[in-house]
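K.L.:
Take a look at the following structure, please.
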Amino acid sequence: MRFGKGEWRNFERGIEKEWLVTNGLGGYASSTIIGVNTRKYHGLLVASLSPPVRRNLLLAKLDERLETPQRTYNLATNHTGGGVTEFGFVHLQQVLFNPFPTFVFSFGDITLQKQIFMIYGENSTVILYRVINGAEPAVLRLTPLVNCRDFHWTTRKGQINFSREEIPFGVAVKAEPGIPALRLVCSEGKFNGCDDWFYDMFYVEEQRRGLEAREDHFIPGDFTIPLEPGETKTITFIATLEEVFTLDGKALLELEIRRLQELVKRAGYRSVLARQLVQAADSFIVYRRSTGAKSIIAGYHWFNDWGRDTMIALPGLTLVTRRYDDARDILVTYARYCRDGLLPNMFTDAGKEPLYNTVDASLWYFWAAWKYLQYTQDHAFIRQVIYPVLKEIAHHYIKGTHFNIKVDEDGLLAAGSPELQLTWMDARVDQWVVTPRHGKAVEINALWYNALCVLRGLAVRYGDTFPYQDLLEKHRESFLREFWFEEGGYLYDVVGEQGKDASLRPNQVIALSLPFTIVDAGRGRRVLTRVWQELYATYGLRTLSPSDPRYRGVYSGDRWQRDGAYHQGTVWSWLIGPFVTAWRQVHHYSPASRLQAARFLAPFQDQLRDHGVGYISEIFDGNEPIIPRGCIAQAWGVAEVLRAYVEDVLEIRPQI
């Protein structure tokens, strides 16, 4: 991908696009394409101290100036509480992603290229410079802005005490006990130590979110690299927590490019969209130290690994990409943590027990295991490791387990309470439950039916008994009787003691997209017609119909405003996957349905150039022009666009 000056004609346009590179540990580097940090989550080294969590901002920025005898060219762009104070982006000529973000500055008769990437498996960021100097001698000055805090917070001078020690090629900066020293090293020039501060950096995105938006950063000194007239020089700058490192930036870059190329080659797709998404998928598959296995980060910048998100994303991120060992690793990890039929909703920071407050993570586990079988035919693994866990989940859901999760007398699965929300629409602000869905939710019961069918299929395959046939039939009858809303031509969202909720929401689409579904094709087409008319919004599905008085079409403001809109009209990208698959299924995979599926997914080629460049955004406004919001890179968004595109448009899908 390539971007030119038209993308940053002014500061406001320049901050609309952000870049992200990751290290397979949950750590990352990220900023805007014009180099100004607009979030507290931005930084050149956000290290994961207990992978993939305990993420700390260590290097916020590395500002460049090039000094000639006649003038100084400031390439830095910064925003303080007083406004935009430095405008280095005016010298930015091009931004390339090939595959890592590369920034080309042109000023006078000088060209400077800067490429940023991370070393896989390390908390190390490499900034590789190539300077083509002009007719005069010059000095390139690199000024690091350092911090040492949890990436959810902000700091001011005086809150952290920094110490520095000069080392070969640079400096080691130490702050908090228990956090390794940050080593800043450069292959050329010399380090000039000092104790200074950058005051009052302003994060416009945090202000928009109603959060603390100002911060100070420590400056331990700067690096100066002399340049002869007409000289071309390559410079490697590394920010790392490692004690052993190399300053051969070209070799490091080649290794990282080759690793990504091998992933794309393994997936085996010719389509540009598929290849881009395969590359994006890599950023979410991370190592979890507490389990010694792989997991999936739900989104960047601020999410941890979540059970529900992991199971939904697993097929797209690991199976469609042919990363079968990673898929197996993830399934094993969650199998080990199954408690009373529940899979973790979220793994917390190191040393703490996972949270189990979800009804559907365990049900999506059946779907992920079934998809794994489709792609691998690895029955030995499923039979020995996963099948016992699936039986355990079914047993506890029928008997009853935590959080009021229990199969009712009519065979339908109920969960939660007015104060306890267990589905994916779980937004809550203090005591305000924004989207109450306790009782019998439509997608939960569709997933439950699918789970029983999967279990039955495996029991037959493995010569085991399936004791739930009567329950399966009862559930099917009850589902059709209780959830079908004939007058509206769609499915009720929730059935419970409070009655039947006729809100037009996208959850019913999940019921039509699963391998085993209750709803016949005729009714399914009626449902999807209503969904297309009222919920479809270019990059996903709205979470509530605009005709509903509770609809909120813009996701912005403080926590109350944002969470109040989160599932009340906001568009979610991941829902396009179930929508496209359901569309193909209810139209019996006709050629016309394939063409329409392609049209539904085509806009995502453009979305990859927006917000988080190379990724799919988490959410969007429900109102036009469908502005991207939330996380700039979301695992299940990338996963479901990729899965649906490969399986339902390219029609590359395995059969079980």
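K.L.:
Hydrophobic (A, V, I, L, M, F, W, C), touching an Asp or Glu at 6+ places or on another chain (Cβ under 7 Å) and over 22 Å from VAL264 (Cβ atoms), is that true of ILE632? Reasoning before the result, please.
P.N.:
Values: hydrophobic (A, V, I, L, M, F, W, C): yes; touching an Asp or Glu at 6+ places or on another chain (Cβ under 7 Å): yes; over 22 Å from VAL264 (Cβ atoms): no.
The answer is no for ILE632.
K.L.:
Which one is nearest to GLN159 (Cα to Cα), of the residues in segment 199-257 that are among the polar types (S, T, N, Q) and not in a strand (DSSP E or B)? Give the steps one after another, and end with the answer.
P.N.:
Here is the first cut: in segment 199-257, the ones among the polar types (S, T, N, Q) are 207, 224, 232, 234, 236, 240, 246.
Filter once more, so that each one left must be not in a strand (DSSP E or B): 207, 246.
Working: GLN207: 21, THR246: 33 Å.
Within segment 199-257, the match that is nearest to GLN159 (Cα to Cα) is GLN207.
K.L.:
Let me ask another. Taking the condition of being at pLDDT 95 or above, closer than 28 Å to TYR337 by Cα and not aliphatic (A, V, I, L, M), how many residues in segment 241-293 meet it?
P.N.:
So the answer is 4.
K.L.:
So which of ARG308, ARG336, ARG383 is more than 26 Å from ASP426 (Cβ to Cβ) and either of a type in the set (Lys, Arg) or free of Cβ contacts under 8 Å to residues at least 12 places away in the same chain (or both)? Give the steps one after another, and end with the answer.
P.N.:
Numbers: ARG308 fails: more than 26 Å from ASP426 (Cβ to Cβ); ARG336 fails: more than 26 Å from ASP426 (Cβ to Cβ).
Result: ARG383 is the single residue among ARG308, ARG336, ARG383 that is more than 26 Å from ASP426 (Cβ to Cβ) and either of a type in the set (Lys, Arg) or free of Cβ contacts under 8 Å to residues at least 12 places away in the same chain (or both).
K.L.:
Run down ASP606, ASP610 and say which single residue is surrounded by fewer than 21 Cβ atoms within 10 Å (Cβ to Cβ) and under 15 Å from the mean Cα position of the chain (by Cα). Steps first, answer last, please.
P.N.:
On the way: ASP606 fails: under 15 Å from the mean Cα position of the chain (by Cα).
Going through ASP606, ASP610 in turn, just one is surrounded by fewer than 21 Cβ atoms within 10 Å (Cβ to Cβ) and under 15 Å from the mean Cα position of the chain (by Cα): ASP610.
K.L.:
So which of LEU452, LEU471, LEU528 is closer than 27 Å to LEU601 by Cβ, among the hydrophobic types (A, V, I, L, M, F, W, C) and either buried (at least 17 other Cβ atoms within 10 Å of the Cβ) or touching a residue at least 60 places away in the same chain (Cβ under 8 Å) (or both)?
P.N.:
Numbers: LEU452 fails: closer than 27 Å to LEU601 by Cβ; LEU471 fails: closer than 27 Å to LEU601 by Cβ.
Selected residue: LEU528, the only one of LEU452, LEU471, LEU528 that is closer than 27 Å to LEU601 by Cβ, among the hydrophobic types (A, V, I, L, M, F, W, C) and either buried (at least 17 other Cβ atoms within 10 Å of the Cβ) or touching a residue at least 60 places away in the same chain (Cβ under 8 Å) (or both).
K.L.:
So SER617 ticks every box in (1) in a helix (DSSP H, G or I); (2) surrounded by 21 or more Cβ atoms within 10 Å (Cβ to Cβ); (3) hydroxyl-bearing (Ser, Thr, Tyr) but one. Which box is left unticked?
P.N.:
(1)
K.L.:
Also: Of all the helices (runs of 4 or more DSSP H) wholly in segment 265-336, which have at least 3 residues that are within 19 Å of VAL641 (Cβ to Cβ) and of a type outside the set (Ser, Thr, Tyr)?
P.N.:
Numbers: elements: 272-281, 307-314, 324-336.
Output list reads 272-281, 307-314.
K.L.:
Residues that are under 20 Å from the mean Cα position of the chain (by Cα) and β-branched (Val, Ile, Thr): does segment 338-351 have at least one?
P.N.:
Yes: segment 338-351 contains one or more residues that are under 20 Å from the mean Cα position of the chain (by Cα) and β-branched (Val, Ile, Thr).
K.L.:
Now for a different question. When the residues of segment 352-376 are narrowed to those that are touching a residue at least 60 places away in the same chain (Cβ under 8 Å) and not in a helix (DSSP H, G or I), which ends up surrounded by the most Cβ atoms within 10 Å (Cβ to Cβ)?
P.N.:
For segment 352-376, the residue satisfying everything is VAL359.
K.L.:
When you scan segment 31-79 for strands (runs of 3 or more DSSP E) that lie fully inside it, which ones turn up with 2 or more residues that are within 25 Å of the chain's Cα centre (by Cα), crowded, with 23+ Cβ neighbours inside 10 Å and in the same structural domain as GLU212 (by TED's automatic domain parsing)? Reasoning before the result, please.
P.N.:
Values: elements: 43-50, 53-67, 72-74.
Ranges flagged: 43-50, 53-67.
K.L.:
State all residues of segment 95-128 that are more than 25 Å from LEU25 (Cβ to Cβ), out of contact with any Leu (no Cβ under 6 Å at 6 or more places or on another chain) and surrounded by 20 or more Cβ atoms within 10 Å (Cβ to Cβ); if no residue qualifies, say none. Steps first, please.
P.N.:
Initial filter on segment 95-128 (more than 25 Å from LEU25 (Cβ to Cβ)): 95-96, 104-113.
If we keep only those that are out of contact with any Leu (no Cβ under 6 Å at 6 or more places or on another chain) as well, we get 95-96, 104, 106-113.
Of everything in segment 95-128, those that are more than 25 Å from LEU25 (Cβ to Cβ), out of contact with any Leu (no Cβ under 6 Å at 6 or more places or on another chain) and surrounded by 20 or more Cβ atoms within 10 Å (Cβ to Cβ) turn out to be VAL95, ILE110, LEU112.
The values are calculated or read from the model by the stated rules, or taken from the named source; none is laboratory data. Being a predicted model, the structure only gives us computed values, none of them experimental. So basically every Cβ, Gly included, is an ideal-geometry build from the backbone, and we count neighbours across all protein chains shown.
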